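Q: I have a structure I would like to understand better, so I am pasting it below and will then ask my questions one at a time.
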Amino acid sequence: MASDARRGAARSRLYGLASRLLLPPSPELFEGLQSGALFAEASAEARALGSRKVTRALAAVAKAWARHRPERLGELEAQFERAYGQAAGRDRPVYELQYGGTSDFGTPQALADVGGYYAAFSLRQHEHERCDHVGVEAEFMAYLCYLEAWAHANGLAEQRETAARAVRGFLHEHLSAFTSAFWQRVRTTAEPSAHREAAGLLSALVDEHCTRLRVARRERRYVELAALLLVLLTPVAALAGDGKALFESRCATCHGSKGDGQGIAAYLLNPKPRDLTQGTFRLRSTPTGTLPTDDDLLRTITEGIPGTAMPPAADLSEAERRSLVAHVKQLAPGFDVEGPGTPIRIGAAPAPTPARGAQGRQLYQKLQCSKCHGEQGKGDGPSAAALRDDDGLPSRPHDFTRPGGMKGGASAADVYRTFTTGLDGTPMPAFADALSDDERWSLAFFVLSLSARAEPAPQTVTRLAVADVAELPKGPEAPEWSSVAGARVALRPLWANASGPDTLVVRAASDGRGLALLLEWEDPTADVQGARAEQFTDGVAVQFPVGGGKPFFGMGERGRPVNIWHWRPDEELAELNATAPGTLTPQKPGQPQARGAGVWTYGRWRVAIWRALSTGQPNDAQLGGRRSVPIAFAVWNGAGGDRNGQKRVSFWLDLDFGVAR
């Protein structure tokens with residue numbers, strides 16, 4: 001009896017923790033999370049419950065808290081709002097009745113049924129939330145489990161039976177009907193946080209509870225009416241056609257319309273765009289030699305590939321990105337015959353102890369990783385220069401000492417997955433058979449320790465704020481810049497090499513008539529004049545779309561031109577236009593309006609560019625009267641051989657003026 005009562009009390013407390021994380025955070029919750037007391041108590045309850053699934057789910061909550069730990073209650077509230085607030089509600093509905101199975105006519109009755117459970121136990125409905133909110137229902141289940149455990153511990157058979165019937169009924173009729181679908185929606189759409197993992201904890205608790213009580217689940221899927229009608233009324237070929245059109249506008253410039261990696265920008269890129277028609281995919285959660293899952297492809301499309309020119313497509317809706325997944329599967333052979341492989345199982349990461357790091361170092365030497373990646377992990381091993389992929393193209397080993405840039409992701413689990421699956425089509429093998437599970441974790445931690453010795457990658461932005469100034473700063477040393485805040489913009493190489501900056505610091509100011517930009521980046525040498533054929537100059541460029549929207553970030557696309565301001569130290573600033581790679585055209589003499597000047601001191605370039613907001617010229621980007629304008633950047637490192645298309649670039653950012661001008 002005591003063990004059953006203890007288990008019931010543990011379940012009650014764990015439901016309570018899930019509820020607190022799924023409802024707006026309180027100061028008490030923040031304090032408990034910050035101190036670690038909540039996780040310590042919950043871990044003890046999970047052990048008492050005796051469910052490995054619940055223990056793993058709780059560990060995922062604690063890990064997410066440690067990795068994305070906010071410093072203030074306001075930051076925790078912001079995390080919650082991004083996970084379950086108004087803006088996220090459409091993607092991640094938090095109400096039971098939004099998960100199908102209830103018509104508009106049945107909704108009042110269903111809500112009354114939920115409310116009836118609360119009333120039966122003399123509980124008032126939540127002051128700020130509907131009674132079918134997932135957090136409110138979890139809170140109610142915590143209360144029921146507590147009543148049942150208390151009655152059990154005190155030998156009150158009648159009260160215990162009453163509570164037990166309510167537990168089984170509410171579990172069957174309500175919680176089990178949607179928590180699994182809720183977790184699936186959250187895990188694929190919400191950003192990592194303890195709030196996100198709380199949905200997984202609740203789902204694991206409900207699974208364990210249903211299994212122990214042998215309660216049948218009444219699972220319902222989340223279906224938006226508009227989406228349901230679209231699926232029912234639209235032929236599959238038409239849905240695939242949407243993906244084809246998106247692929248043509250967003251992907252074909254590099255990958256080619258056929259997906260064969262022969263787009264018009266392919267000659268500018270290293271590594272080369274993937275030939276999707278070969279059916280060989282490097283970034284997968286499936287074993288070597290197998291095809292990726294839809295979620296694998298979706299992740300690559302959504303996040304892009306670090307260290308390459310493959311941009312993230314997070315600005316597209318999930319439906320649009322999934323239509324791209326469908327089209328990629330049409331281009332690649334095998335999906336219609338064998339389908340994807342079975343994803344590998346990745347358990348909770350062990351603690352990165354010194355002993356584990358030492359074991360990882362020994363494995364690094366035993367497997368001769370240094371032949372490719374070098375003794376210090378800098379990608380400079382004796383075999384590095386000769387490495388080729390399956391297409392015979394150079395395959396440069398990753399430099400582990402540079403933070404970020406790992407194509408498959410830079411978390412311990414990401415690196416473990418790469419060691420398990422390998423990077424098909426490259427010299428990087430899979431170690432699933434060569435190393436045990438424990439050894440792969442040790443090797444992952446050692447590899448990550450090589451980048452931990454470097455300075456952490458600075459935080460970068462996707463929006464730039466324009467400061468209001470009384471007088472437009474004209475020149476890199478203008479005193480007005482002292483009052484303008486700078487922001488770091490991430491840069492990616494179009495042509496992979498070890499040189500060049502990873503970030504560009506940008507300051508923007510406007511006096512209501514003109515725009516001035518101050519661009520700063522680290523460069524140990526000032527390459528100011530290309531006197532010989534093998535010498536190249538440093539440089540920087542700013543790019544705006546001439547019309548609306550965001551065309552292809554690599555110099556625009558047909559029918560959607562861009563306006564480029566290009567500065568280099570040996571020439572006057574040039575204003576150019578382009579409609580695709582290879583179409584760069586200088587503006588006519590007398591037409592350019594922008595001016596620029598730069599200075600190099602102590603290993604750092606400072607370049608100022610300024611121009612009137614509006615020029616009246618049809619080939620210029622007109623910036624006046626707009627609250628936000630897309631902007632992108634490029635940087636050339638002459639000492640590294642950068643010229644023309646060999647450069648580092650940003651993707652589109654939003655330049656915010658704050659008020660209409």
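Q: Can you sort I264, I564 by solvent-accessible area, 1.4 Å probe, largest first?
A: Largest accessible area first, the list is I264, I564.
Q: Assuming R0 = 22 Å, can you tell me the calculated FRET efficiency for the pair Y267 and K550, based on Cβ-Cβ distance, to the nearest 0.05? Show your work: numbers first, answer last.
A: Values: r = 23 Å, r/R0 = 1.05.
About 0.40, to the nearest 0.05.
Q: How far, in nm, would the chain grow between H172 and A66 when pulled straight, counting 0.36 nm per residue and subtracting the alpha carbon separation? Don't skip to the end; give the middle numbers.
A: Numbers: separation 106, 0.36 × 106 = 38.16 nm, distance 3.41 nm.
Once the chain is fully extended between H172 and A66, it gains 34.8 nm.
Q: Please report the Cα spread of region 497-620 along all three principal axes, rounded to whole Å, starting with the longest.
A: Cα spread of region 497-620 along its principal axes, largest to smallest: 39, 35, 29 Å.
Q: Let me ask something else. To the nearest 20 debye, what is the magnitude of the charge dipole of region 582-633 about its Cα centre, counting +1 on the Cβ of each Lys and Arg and -1 on the Cβ of each Asp and Glu? Don't skip to the end; give the middle numbers.
A: Values: 7 positive and 1 negative charges, 32 e Å.
Computed charge dipole of region 582-633: roughly 160 debye.
Q: Please work out how much accessible surface V337 shows to a 1.4 Å probe, ignoring ligands, DNA and RNA, in Å² rounded to 10.
A: 130
Q: Which whole number of Å³ per residue matches the convex hull of the alpha-carbon atoms in region 252-313?
A: In region 252-313, the Cα convex hull volume per residue is 88 Å³.
Q: Under a point-charge model restricted to the Cβ atoms of Lys and Arg (+1) and Asp and Glu (-1), what is the dipole moment magnitude of region 369-410 relative to its Cα centre, in debye to the nearest 20?
A: Values: 6 positive and 6 negative charges, 25 e Å.
So the dipole magnitude of region 369-410 works out to roughly 120 debye.
Q: Subtracting the Cα-Cα distance from 0.36 nm times the residue separation, let me have the gained length for Q330 to F121 in nm, one decimal.
A: Between Q330 and F121, full extension yields an extra 69.7 nm.
Q: Just the Kirkwood number for region 378-434, please: inverse of mean 1/r across all distinct Cα pairs, in Å, one decimal.
A: About 12.2 Å for region 378-434.
Q: What nm value, rounded to one decimal, do you get for the distance between D294 and R558 when each label is placed 7 Å out toward the C-beta?
A: 3.2
Q: Which of A198, A332, S510 sits farthest toward the positive end of the charge dipole of the chain, with +1 on the Cβ of Lys and Arg and -1 on the Cβ of Asp and Glu?
A: My answer, from the dipole projection, is A332.
Q: Work from the charge dipole of the chain (Cβ charges, +1 for Lys and Arg, -1 for Asp and Glu, about the Cα centre) and give the residue of G85, W481, Q159 farthest towards its positive end.
A: Q159
Q: Classify region 312-351: rounded, prolate or oblate, from the alpha-carbon gyration tensor (a ≥ b ≥ c, eigenvalue square roots; a/c under 1.5 rounded; otherwise prolate if a/b is larger than b/c)?
A: Cα axes put region 312-351 in the oblate bin.
Q: Then there is this: By how many nm would the segment from R82 to A44 grow when fully extended, if each residue of separation counts as 0.36 nm and the alpha-carbon distance is taken off?
A: Working: separation 38, 0.36 × 38 = 13.68 nm, distance 2.99 nm.
Going from the current span to full extension adds 10.7 nm.
Q: Using a 1.4 Å probe over the heavy atoms of the protein chains, calculate the carbon and sulfur portion of the accessible area of the chain as a whole percent.
A: 53
Q: Mind jotting down a quarter of the surface of the convex hull over the alpha carbons of the chain, in square nanometres, one decimal?
A: Answer in nm², one decimal: 34.1.
Q: Report the trypsin sites (Lys or Arg not before Pro) located in region 524-622 that are in a DSSP loop and have at most 13 other Cβ atoms inside 10 Å of their Cβ, or state none.
A: R532, R558
Q: Same structure, new question: For the chain, what does the accessible surface come to per residue with a 1.4 Å probe? Please give it in Å².
A: 48
Q: If you don't mind, another one. Simple spin-label model, 7 Å along Cα-to-Cβ: A434 to V337 in nm?
A: Between A434 and V337, the label points sit 2.9 nm apart.
Q: With the calculation restricted to Cα positions, what are the radius of gyration and Dmax of region 557-661 in angstrom?
A: 14.7, 43
Q: Treating only the Cβ of Lys, Arg, Asp and Glu as charged (+1, +1, -1, -1), what charge dipole size does the chain show about its Cα centre? Round to the nearest 20 debye.
A: The dipole of the chain has a size of about 680 debye.
Q: Which values of log₁₀ I(q)/I(0), to two decimal places, follow from the Debye formula for region 125-186 at q = 0.21, 0.25 Å⁻¹ with a uniform point scatterer at every Cα?
A: -0.85, -1.01
Q: Put a dot 7 Å past each Cα toward the Cβ at D654 and E318; how far apart are the dots in nm?
A: Distance between the two pseudo-spin positions: 2.1 nm.
Q: Work out the charge dipole of region 319-406 with +1 on the Cβ of Lys and Arg and -1 on the Cβ of Asp and Glu about the Cα centre, then indicate which of G357, G379, G347 is farthest towards its positive end.
A: Farthest along the dipole direction, towards plus: G357.
Q: For n ≥ 4 DSSP H runs only, could you compute -39500 (n - 2.57) per run for the chain, divide by its residues and tell me the 222 nm figure to the nearest 500?
A: -12000 deg cm²/dmol
The values are calculated or read from the model by the stated rules, or taken from the named source; none is laboratory data. All values reported here derive from a predicted model rather than from experimental measurement. Every residue, glycine as well, gets a Cβ built from its backbone with ideal geometry; the counts of neighbours run over all protein chains shown. In case anyone asks, the SASA skips ligands and DNA or RNA and just uses the protein heavy atoms, side chains included. Shrake-Rupley method; radii C 1.70, N 1.55, O 1.52, S 1.80 Å.
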